[in-house]
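Taking it in order: structure first as structure tokens, then the write-up.
The values are calculated or read from the model by the stated rules, or taken from the named source; none is laboratory data. None of the values given here were measured: they were computed from a predicted structure. Don't worry about glycine lacking a Cβ; one is built from the backbone with ideal geometry, like all the others, and counts go over all protein chains shown.
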Amino acid sequence: MKTTALLVSLSLVCLCLFSAKVDAADSATVNATVTAQNISVTVSSGTIAYGILPVNTSKSTIAADLNALQTATNTGNVAEDLNIKGANSTAWTLSATPGAEQYTHKFCTTTCTTPPTNFTALTTNYQTLGTDVATSGTKTFDLQITTPTSTAVFTAQNVDVIVQAVAH
């Protein structure tokens with residue numbers, strides 16, 4: 001009986017030695033945040049009604065009856081570069097100089113009211129309007145249109161101007 005008791009005692013000792021649990025881990029947290037980039041722009045007033053103009057005639061948003069300075073606002077959450085382009089209408093082609101069924105549309109950001117003015121011809125490709133415009137920052141601009149030298153179309157033409165925002 002002594003042999004059996006010794007074997008049971010040795011078994012219990014071995015079981016205790018191999019089942020002991022050891023906790024030696026520790027942890028810490030890294031608090032991480034992220035915000036999705038938002039590229040956004042608005043233009044106010046965003047509407048210009050040049051009215052009825054004779055052929056080969058210019059009018060700008062500086063005109064007293066328009067007084068329509070446009071303001072592009074960075075409504076995103078990062079600094080933005082703003083670009084601008086014009087568009088063809090359904091009947092007229094946007095051109096650097098007026099011609100038959102060709103009109104010009106120009107933009108200006110500085111020295112727009114006193115000669116020599118700094119109006120730049122719009123194209124159907126983007127051009128720089130402003131760079132590194134801060135969040136909630138603005139870029140103002142005036143526009144000037146010149147109607148075609150001749151046209152067979154005497155209905156209102158949509159001569160849209162598009163302002164684009166891209167991350168700086």
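Listed residues ASP142, ASP132; which is assigned to a strand (DSSP E or B) and out of contact with any strand residue (DSSP E or B) (no Cβ under 6 Å at 6 or more places or on another chain)? Steps first, please.
Working: ASP142 fails: out of contact with any strand residue (DSSP E or B) (no Cβ under 6 Å at 6 or more places or on another chain).
Residue meeting the stated conditions: ASP132.
Determine, yes or no, whether THR93 is out of contact with any Gly (no Cβ under 8 Å at 6 or more places or on another chain) and over 15 Å from ILE145 (Cα atoms). Break it down into steps so the answer makes sense when it comes.
Working: out of contact with any Gly (no Cβ under 8 Å at 6 or more places or on another chain): yes; over 15 Å from ILE145 (Cα atoms): no.
Spelling it out, it is not the case that THR93 is out of contact with any Gly (no Cβ under 8 Å at 6 or more places or on another chain) and over 15 Å from ILE145 (Cα atoms).
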Report yes if some residue within segment 66-81 is modelled with pLDDT of 95 or more, closer than 30 Å to ALA152 by Cα and out of contact with any Leu (no Cβ under 9 Å at 6 or more places or on another chain); otherwise report no. no
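Matching residues to (1) farther than 22 Å from ALA87 by Cα; (2) surrounded by fewer than 20 Cβ atoms within 10 Å (Cβ to Cβ); (3) of a type in the set (A, V, I, L, M):
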site: ALA121; (1), (2), (3): no, yes, yes
site: GLY130; (1), (2), (3): no, no, no
site: GLY137; (1), (2), (3): yes, yes, no
site: LEU143; (1), (2), (3): no, no, yes
site: THR147; (1), (2), (3): no, no, no
site: THR151; (1), (2), (3): no, yes, no
site: ALA156; (1), (2), (3): no, yes, yes
site: VAL163; (1), (2), (3): no, no, yes
Count, please, the residues in segment 54-65 that happen to be within 17 Å of GLN157 (Cα to Cα) and more than 26 Å from the chain's Cα centre (by Cα). 6
